[in-house]
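Worksheet: one structure, shown below.
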Amino acid sequence: MCGITGYVGTEDCSSFLANSLKNLEYRGYDSVGVALLDGTLQVNKQSGQIDDLSLPSTTEATCGIGHTRWSTHGPPTDENAHPHTDCHGEISIVHNGIISNYGDHKRDLALTHEFTSDTDSEVIAHLLEEELVDDTDLPQAVRKVVEKLEGSFAIAVAVAGYDGIVAARQDSPLVVGHTDTAKFLASDITAFVEQTRTVTFLEDGDVAHLTEDNLSITNDGAVVERDRQTVDWDADAAEKSGYEHYMHKEIHEQPHAVRQSLSGRIDSLTGDVDLDIDAPIEYWKSIQEIQIVACGTSNYAARYAAELLETHTNLRVTVHVASEYEYRTSYDPWETLVIAVTQSGETADTLQALRMAVDSGARTLAVTNTVGSTVTREVDQTLYIRAGPEIGVAATKTFASQIVTLTLFTIHLGRQRDELESETATELLKNLHDLPEAIQTVLDGESQVRRLAERFAHSDAFFYIGRRLGHPVALEGALKLKEISYDHAEGFPGGELKHGPLALVTDQTPVIALLTPGSEPDEMAKNIKEVQAREAPVIGIGVRGEASETLDTFLGLPNLGYITPVLANVYLQLFAYHIANEKGRAIDKPRNLAKSVTVE
Ligand code: M6R
């Protein structure tokens, strides 16, 4: 998975390309490059990050494309960095995705073309070189190349002697930004939100030609019109606002993110919610089963929500790791609602699972943060979590917003199906309403967590335990710690310890125990005794009560009923953040990971 950017306008574009690539680094950051057009084509590229790339401070180039890479074919070397060029260095291309039939093309082309990289992407430059021998219409030549490609791709092309940029998409995102004097191209609005918020999302099969004052799009050879939209993400939201890391900033943005998720959607008096999803009551009543597909943090948010959904809708709800969904042996799509939970809306495993559900005739709903993302184009309905841009690879605010949005959906569905009493709905809504302020009180207690992190930073194995709603939060807490600190961390249901993991517990194994409402704190007290008997240091998180008395380290929380574990998770995020910071880790860009995983 990679980030693409492009500019065509009236100004020198080198600094825009550099800035936009920085904004896109969350999509990949192992190599970077730009191609600048000022009559001739100049390509600068290398392994490493954008700050390592030496670019001329001013150029004459008013058109260019750029790329930040996360390797899939070939290691992160200078040669494998994009842009890739043809044999004469006149055609430059950048690509996000995977060309699955590149091997066949490369075999044929290698007879007459010189390849300089191990990538699948380079075939695009050479295929285009072939087309431009006979055809001088660049968009048409790109269209012919695209017809020969299999797989997923977003492509941008800049060629010496041709006006503007040509872009094409199939299963990978591309968006065009408009000002009076320029057109911008990117994998994500974040790349150019400082310049414009007026955008056009390209769709699968589109080939777009961007010039300084025009955007023309064809699909399957026919001219098509795509709407211009205004997005409400501002430039500030995409910057670090004084925090050292995006992750830290995004942890602190949670009160705001949750308010956005709730905004205009709740009526606390009647217990009803208005979710802008358009379906008659019969639609909701006829659902017989819910299946949720998601990966990583989104999967844990889904597991949390599934417990609430099952309780309040009287439906069977199962949560599937998206990459495992295809191995099920029986599937009855009849009246089944399949929900894809994905922050980015671009996760290949989740899209793949969703497509299976669509093919088999299930109803579908996307719960996502990303307007115009691929998932939204493939489902019957979309529910946005409205968390705002999340740049840090570690998902934080989106976990909270996913649970909040799915809880709203639970209330909506429970009420539509007459399974949820108005009083229970009102209580859940009250807890949601109070959540932003309660998160702020947790954030205000950050210094206590920082001290704990200092105390335990030398430990290299951590256990997280919780029951019921505490279990997905334990899994999420462990995921957060392992991905940014590189320490071994595992989450377990409290009752499972004695079935194996207890063998690893020593006085050197910090155990973090979820003791919130919804985490069965009384049952958890027994599991705490089991690890205390092995002299493990225990950090309890919950509402103060009997269990907290037996612990020397306890992080207290306000009681928000079944929403309280979301609050506990904020402590776990801060704990992971400060441990990783103590260790000097690359918090926003952990090794081997990328923000949005668009390969299966
Ligand atoms: O964009 P998605 O929510 O579909 O991403 C799914 C996972 O890759 C993601 O949640 C991942 O586990 C987190 N970035 C980890 O913090």
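The values are calculated or read from the model by the stated rules, or taken from the named source; none is laboratory data. Here the structure is a predicted model, which is why all the values come from computation and not from measurement. With ideal geometry, Cβ positions are generated from the backbone for all residues, glycine too; neighbour counts draw on all protein chains shown. Side chains included, ligands, DNA and RNA excluded: accessible areas come from the protein's heavy atoms. Shrake-Rupley method; radii C 1.70, N 1.55, O 1.52, S 1.80 Å.
Overview of values
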item	result
Radius 14 Å from Cβ of Thr370, net charge of other residues (Lys, Arg +1; Asp, Glu -1)	0
Relative pair counts by distance (%), Cα atoms of the range 1-134, 10 Å bins	14, 45, 33, 9, 0
FRET efficiency for Ala457 and Lys498, using Cβ-Cβ distance with R0 set to 25 Å, rounded to 0.05	0.30
Extension gain, Thr136 back to Val223 (0.36 nm per residue minus Cα-Cα distance, nm)	29.4 nm
Violating pairs (Cα-Cα greater than 24 angstrom) within the set Lys482/Lys583; Lys45/Lys595; Lys285/Lys397	Lys285/Lys397
Area accessible to solvent at His499, 1.4 Å probe radius, in Å²	130 Å²
Within the chain, percent of DSSP bridges classed antiparallel, to nearest 5	60 percent
Full-stretch length increase - Glu244, Gln46 - with 0.36 nm per residue and alpha-carbon distance subtracted	68.7 nm
Net +/- balance of residues flanking Phe184 in space, Cβ distance below 14 Å, scoring K and R +1, D and E -1	-3
Value of relative contact order over the range 3-238, rounded to a whole percent, pairs C-alpha under 8 Å and six or more apart	20 percent
Reachable aspartates and glutamates, given that their alpha-carbon falls under 16 Å from the alpha-carbon of Lys589 and they are not under 8 places away in the same chain	Glu25, Asp30, Asp51, Asp52, Glu239, Glu244, Glu250, Glu390, Glu483, Asp487
Relative contact order of the range 164-299, defined on C-alpha pairs under 8 angstrom at six or more residues apart (%)	17 percent
Crossing angle, helix 521-532 versus the chain [Cα axis fit, 0-90 degrees, rounded to tens]	80 degrees
Radius, Kirkwood style, for the chain when every pair of distinct Cα atoms is counted (Å)	25.3 Å
Degrees between helix 397-416 axis and first principal axis of the chain (Cα, 0 to 90, nearest 10)	70 degrees
Total formal charge among the other residues, if their Cβ is under 13 angstrom from that of Ala353, Lys/Arg +1 and Asp/Glu -1	-4
Sites matching GluC sites (Glu not before Pro) across the range 495-538 that sit in DSSP coil, with at most 15 neighbouring C-beta atoms within 10 Å	Glu535
Calculated [θ] (222 nm, deg cm²/dmol) that DSSP helices of n ≥ 4 give over the chain, each run adding -39,500 (n - 2.57)	-10500 deg cm²/dmol
Extreme residue, positive dipole direction of the chain, given options Ala125, Ile99, Tyr304 (C-beta unit charges)	Tyr304
The chain - percent of accessible surface contributed by carbon and sulfur, probe 1.4 Å	44 percent
Accessible area per residue, Å², the chain with all protein chains present, probe 1.4 Å	38 Å²
Per-bin percent of Cα-Cα distances, the range 447-583 [10 Å]	14, 50, 33, 3
Crossing angle, helix 564-582 versus the chain [Cα axis fit, 0-90 degrees, rounded to tens]	60 degrees
Accessible area of Arg544 in the full protein assembly, 1.4 Å probe (Å², nearest 10)	150 Å²
For the range 3-238: rounded, prolate or oblate by the Cα gyration tensor [a/c cutoff 1.5]	rounded
